[in-house]
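Scroll down for the structure; my scribbles are underneath it.
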Amino acid sequence: MEPRDSELRKELNATLQARSELGPEYESALIDSFLEKLDQRLDVTLDQRVRRHLAEQQVTVARGARAPQVPLGNFGERFGFGIISLILAIPLSAIGVANAGIEGLAVAWLGIVGVNAFQAARSRPLFRRSEARTKSEWED
């Protein structure tokens, strides 16, 4: 257990003991006080983590490496999206056929295909910049 956790546990125990001594009429004030201390502790912890992460990125960039990039999507996300869209295609097709016949079915499936195409294009851009650009003879 970290020292910070033990400090927080002591604060909680003190709050609970004060509640039992003071009674339920002071309960909301005691809880608000404890939550304020917890909020301050979380702010400090998050601030430290953000600063550490930014420092690591700056060191990486200073060493000449590329800045880390967040992947746009992975196989699980794309697979899950496809499965969900196929499951939802069944009631959408039934609603489309019931309300507008074959034209409604076509519109429903065009929408399903459009949403899946957009998702696929979002996760895999068509034009990617190459890592190392070749130098032409026109450049210095």
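How would you rank 38-51, 97-110, highest first, on the average number of other Cβ atoms within 10 Å across their residues? Walk me through the numbers on the way to the answer.
Working: 38-51: 10.6, 97-110: 13.4.
By packing density, highest mean first, the sequence is 97-110, 38-51.
Given a 1.4 Å probe and heavy atoms of the protein chains only, how would you sort SER28, SER93, largest accessible area at the top?
SER28, SER93
For every other residue with a beta carbon closer than 14 angstrom to the beta carbon of ALA29, add +1 if it is Lys or Arg and -1 if Asp or Glu, then tell me the sum.
Every neighbour counted, the sum reads -3.
The values are calculated or read from the model by the stated rules, or taken from the named source; none is laboratory data. Here the structure is a predicted model, which is why all the values come from computation and not from measurement. Cβ atoms come from the backbone with ideal geometry, glycine included; neighbour counts cover every protein chain shown. Side chains are part of the model used for accessible areas, which takes the heavy atoms of the whole protein and leaves out ligands, DNA and RNA. Shrake-Rupley method; radii C 1.70, N 1.55, O 1.52, S 1.80 Å.
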